[in-house]
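Read-outs: derived from the displayed coordinates by stated rules, not from any lab. Because the structure is a prediction, the values reported are computed rather than measured. Heads up, the Cβs are rebuilt from the backbone with ideal geometry, glycines too, and the neighbour counts pull from every protein chain shown.
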Amino acid sequence: AYSSTRTQVLPELEHKFSVKTEAPYIPQDEDDVGPLGVAKAQFHDTYILAQAEDALILIDQHAAHERIVLERFKSSFAKGEKLPSQMLLLPEIVDLSLTQKASILGEFENLEKFGLVLEEFGNSIMVKEVPALIKDANIKKMITDLADEIAEWGATTVVEDKINHIAATFACHGSVRAGRRLNLTEMNHLLREMEKTPHSAQCNHGRPTYVRLELSDLET
C-alpha cells in the first residue's frame, strides 16, 4: 500500500519541486569561474543554484539579468552612445488610449536614443525599431507599460529621471523571465556577467539578486 501511494504522489511532487540538472559544466579556464561560483542546476525554472568554494549561492535569474540590462543601458547612454537597434521586419502596431498616446508622443526623441523608433500611425503607434538588447521582449506590452509610466510622470519630471525610468522599463521587459529554462552554459554566462556588472547584488527595485549560504552555516 505504501509503495502504491508513493507512486501516485511523486509525479505531483516532481512538478512542484522540480530541479533541472544536466551534464556537469566544465570551466575552460580560470576566467570561467568567479566569486559566484559555478552553476549546478536550475530550480523551478527561476532560480540558479551555484557552488562557490565555500558556499551555496541561490540566484534569481530575472532580477539578476534585469540589473545587467539596466546597467548596460545606463552606461551606453552616459557615454552619449546611441544604443544599437533592431529593425522589425514587420512594424508592430500598438493601440493606445488617447492619454497614453499623448504622453508617449512627447518622448519620441528620448526613446530613439535608446534604439526605440516609433511613429504616429492614425490613432495608434507604429514600432519600427527596438533596442537590440531587448529584441525578444513582448513589444506591445512594453509600449503599453511605458506609455502608462510616462503618463504618470507629470511635467515636473527631470530629464535624468525620465531616462532612468525608460531604461528600467526596457530592462524589465528585456531580461530573462522567471519560468524560462536555461542550460548550464547560459546560467554560467549570467553569473560571469553579474560579476562584471556594477550593483548586480541588488535588483532594480533594491532587493537582493542572490542569497549566499556559507558552508559553515549549512554544516550547523
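Working out 0.36 nm times the residue gap between Ala132 and Leu58, then minus their Cα-Cα distance, what length gain in nm do you get to one decimal?
So the extension gain works out to 23.8 nm.
To the nearest 0.05, how large is the calculated FRET efficiency for Glu92 and Ser216 if R₀ is 45 Å and r is the Cβ-Cβ distance?
Approximately 0.30, to the nearest 0.05.
Enumerate the whole-percent occupancy of each 5 Å bin, from 0 to the last occupied one, for all C-alpha pair distances of the stretch 26-164.
2, 8, 15, 17, 15, 12, 9, 9, 7, 4, 2, 0
Over the stretch 138-220, what portion of Cα pair distances is larger than 16 Å, expressed as a whole percent?
Working: 2320 of 3403 pairs.
Of all Cα-Cα pairs in the stretch 138-220, 68 percent lie more than 16 Å apart.
By a straight-distance test (C-alpha under 17 Å), which lysines pair with Lys196 as possible cross-link partners, with residues fewer than eight away in the same chain excluded?
Within the straight-line limit of under 17 Å, Lys196 reaches these lysines: Lys74.
Given the Cα-Cα distance of Glu81 and Thr99 and 0.36 nm per residue of separation, how much length would full extension add, in nm? Could the numbers behind the result be given before it?
Working: separation 18, 0.36 × 18 = 6.48 nm, distance 3.07 nm.
Roughly 3.4 nm would be gained on extension.
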